[in-house]
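The values are calculated or read from the model by the stated rules, or taken from the named source; none is laboratory data. Keep in mind the model is a prediction, meaning the values are calculated, not measured. When we count neighbours, we look across all protein chains shown, and the Cβ atoms used for this are built from the backbone with ideal geometry, even at glycine. Heads up: the accessible areas ignore ligands, DNA and RNA and are worked out on the full protein's heavy atoms, side chains in. Shrake-Rupley method; radii C 1.70, N 1.55, O 1.52, S 1.80 Å.
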Amino acid sequence: QVQLVESGGGWVKAGGPLRPSCAASGTILSMNAMGWYRQAPGKQRELVAMITSGGGTNIADSVKGRFTISRDNAKSTVYLQMNSLKVEDTAVYYCKAWTNRIYWGQGTQVTVSS
């Protein structure tokens, strides 16, 4: 079993930064990739960014140029640096891990006010 613990969400004014992180623990046989999804009220959950064990990344067009993703393989932790936040970035952000199966974190709220 793998547990994902997210932290670093919160409230910020538009234009500001946040840097949530997600730490994986438990029996991790092979961490293939980690990433972040988000879900705003009334909308479907969508991919924000993901990073493979080799460092390859996939960033959603809606956040490209503002968000970056990085990971510390030794700590099994992934970080999402969010800059120039917009009101429309408000959502619950979920961490996701791909090992021999898929795991989700419990989510962390990000609220951006105008």
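Here are the numbers for the structure shown:
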read-out	value
Potential extension, residue 57-residue 72 segment - 0.36 nm per residue separation minus Cα distance	4.0 nm
Cut-off 13 Å between beta-carbons: net charge of the residues surrounding residue 114, Lys and Arg +1, Asp and Glu -1	0
Summed side-chain charge close to residue 45 - residues other than residue 45 whose Cβ falls under 13 Å, Lys, Arg +1, Asp, Glu -1	+2
With every protein chain in place, region 21-114: carbon and sulfur % of accessible area (1.4 Å)	48 percent
Accessible surface ranking that places the most exposed of 96, 86, 43 first, with a 1.4 angstrom probe	43, 86, 96
Mean shadow area of region 25-91, taken as a quarter of the surface of its Cα convex hull (nm²)	5.3 nm²
Accessible area, probe 1.4 Å, largest first, for residues 71, 38	71, 38
Ordering of 4-10, 26-32 by packing [mean C-beta count within 10 Å, highest first]	4-10, 26-32
Cα-based Rg and Dmax for the chain, where Dmax is the largest Cα-Cα distance (Å)	13.4, 43
Where region 52-114 is the region considered: accessible area per residue in Å², 1.4 Å probe	50 Å²
Zone residues, region 55-72, relative to residue 32, backbone N less than 18 Å from point 7 Å out along Cα-to-Cβ	55-59
Contour excess over end-to-end distance, with Cα ends at residue 43 and residue 101 and 0.36 nm allotted per residue	18.4 nm
Estimated FRET transfer efficiency when R0 is 25 angstrom, pair residue 113-residue 25 (beta carbons, to 0.05)	0.15
Counted charge near residue 33, where neighbours are those whose Cβ lies closer than 15 Å (Asp, Glu -1; Lys, Arg +1)	+2
